[in-house]
Amino acid sequence: MRLGFRDRPDDLFAVAGMCLLALAVIAGTGEGPIRFALALLFVLFLPGYAITATVFPRGGGMDWIERIGLSIGVSLAVVPLLGLVLSATPVGVRIEPTVAALLLVTLGTTVLAYEQRMGLPPEDRLSLSIEFEIPRWRDLSIVDQALALGVAIALALGAGGLAYAMTTSPQGLAYTELYLLDSSGGITSYPSRLNVSQEAVVILGIANHEQRGMNYTVEVRLVSVHYVYNPLTKRNDTVEDSSVTRDVFPVNLTDGGQWEGRYNFSIPNPGDYQLRFLLSIPPPQAQPYRLVQLRVHVT
């Protein structure tokens, strides 16, 4: 039996298919070994493989062990980089935008890899050819039969132990999402520049992944600031001039619950401000549990 590809990039089709399958399973199922395995594949291998296939579309440049190792290494570099980029946006590092960014990067580079490879002559394209023949059981010696049975039993016990450990292990990391959207539910039209006393709207969102019901308290604080250039860091430092609590309200969510609420505000005086939303949980803490803020310049 022969397995492989050359003229048609079946590996890239498999990458795209595995991405979509992983996305469907991650989004549509609860905790489980299949979901965990596909999530690991989606995060730790597929993005790096697609990027590697884009950069190295030709065959013969490296062997498959090197290509697989490079794919894992590139994935390990790309995922934190995406997290860093997302952390600098109002969306933040949340599950949904992280998965969407990974999917976009992987599928986008898969398309580029396809174009790169199909532009090469068939004999220069990356290829794989594996030939194997399944031996008949009766043709094996007693020793080989015993070894085959031992390997099969070991694999079965290992797979069963892994499945048991994954299904009976403690729940994953507990956390709460706090995010801020513009008035249309997007991230592109935040009211960052306003006139004096102009009405503006943002949407505050909370998602409970704490594995228990939560009683949150939201404090809305308007902070007047000015910015001072720091020659050492070559960046502007934020100096707070005053801070006023605008609103305080509770939000109670069951495990897995999500809440979004519109918040209307206006600022009566010109200047630079930060509209901060501070999320607290009992017992009272010195620092807020979560914090998002919106920079606003008023003229």
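Brief remarks follow.
- Selection from the stretch 59-77 of residues that are more than 22 Å from the chain's Cα centre (by Cα) and exposed (fewer than 14 other Cβ atoms within 10 Å of the Cβ): G60, G61, D63, W64, I65, E66
- Residue check for D241: charged (D, E, K, R) and touching a Ser or Thr at 6+ places or on another chain (Cβ under 8 Å): yes
- First in the stretch 171-199 and among the charged types (D, E, K, R), second anywhere and assigned to a strand (DSSP E or B) and exposed (fewer than 12 other Cβ atoms within 10 Å of the Cβ), Cβ under 8 Å, 6 or more apart: E199/N264
- Given (1) surrounded by 12 or more Cβ atoms within 10 Å (Cβ to Cβ); (2) under 28 Å from the mean Cα position of the chain (by Cα); (3) of a type in the set (D, E, K, R), index of the condition R221 fails: (2)
- Qualifying residue in the stretch 227-244 (condition: assigned to a strand (DSSP E or B), surrounded by 12 or more Cβ atoms within 10 Å (Cβ to Cβ) and aliphatic (A, V, I, L, M)): no
- Residues in the stretch 231-275 that are among the aromatic types (F, W, Y) and touching a residue at least 60 places away in the same chain (Cβ under 8 Å): Y263, F265.
- Residue that is farthest from T52 (Cα to Cα) [pool: residues in the stretch 8-24 that are without any contact (Cβ under 8 Å) to a residue 24 or more places away in the chain and part of a helix (DSSP H, G or I)]: A24
- Residue in the stretch 260-267 that is over 16 Å from V202 (Cα atoms) and in a strand (DSSP E or B) present: no
- Flag if Y190 is part of a loop (DSSP other than H, G, I, E, B), aromatic (F, W, Y), at pLDDT 90 or above and under 27 Å from the mean Cα position of the chain (by Cα): yes
The values are calculated or read from the model by the stated rules, or taken from the named source; none is laboratory data. Quick caveat: nothing in here was measured; it's all calculated off a predicted structure. All Cβ positions, even for glycine, are placed from backbone atoms using ideal geometry, and neighbour counts span all protein chains on display.
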